[in-house]
Amino acid sequence: MDFGKLTDLIERGIPFNEVLGIKVCELREGHVRLRVPYRPDLLGDARRPALHGGVISSLVDVCGGFAVWTCCRLEDRIATIDLGVDYLRPAPDRDLYAEATVRLLGNRVGNAHVVIWSDGAPDKHVAVGRAVYNIRRGK
């Protein structure tokens, strides 16, 4: 796997990831850590203030999917089959981090576990997620 190309795909190759501002912190086989820099337009409830749940669930999906992809080839394709997110506490108005670990990898299906936390509080998870991905092998 060419992790440089995969990093470029995560940060610049998927338009929605660019909208969220997703940045790669760490990328290795079976493991991905990503960051979404805080911006006021990512708030879901400005009265708290708390980041929108859609930002969190999107980060779970992106991080888990690319963790599975690190175990594949660049020409393979990954698609989400199932995604579950448990929201544990509001995500404050700070950078958001996600870390995914591949739990199971088959020839056609991969499973990842993801934890989400806010900057400065890596032990206080704001969400946990699990996702299953279809792997379509490239030629």
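Computed from the coordinates by the stated procedures, all read-outs in this text should not be read as laboratory data. Keep in mind that this is a model prediction, so the values were computed, not measured. Cβ coordinates were reconstructed from backbone atoms using ideal geometry, including for glycine residues, and neighbour counts include every protein chain displayed.
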Taking the beta-carbon count within 10 Å as an exposure proxy, list 34, 20 from fewest neighbours to most. 20, 34
Selection from 107, 92, 74 lying farthest towards where the dipole of the chain points positive, charges on Cβ: 107
Positive dipole terminus of the range 1-88, leading residue within 56, 46, 83 (C-beta point charges): 46
So what's the gap between the Cα centers of the range 12-62 and the range 87-120, to the nearest angstrom? 10
For the chain, average projected area of the Cα convex hull in nm²: 7.6
For the chain, take the longest principal axis of its alpha carbons; what is the angle in degrees between that and the long axis of helix 53-69, to the nearest 10 within 0 to 90? 20
Most exposed to least, judged by fewest other Cβ atoms within 10 Å, 63, 25, 71 sort to 25, 71, 63
If we count other beta carbons within 10 Å of each Cβ, what is the order of 32, 126, fewest first? 126, 32
With charges set only on the Cβ (+1 for Lys and Arg, -1 for Asp and Glu), what does the dipole of the chain come to about its Cα centre, in debye to the nearest 20? 300
The answer for residue 71, listing residues at least 5 apart or on another chain whose modeled amide H is closer than 5 Å to its amide H, is 30
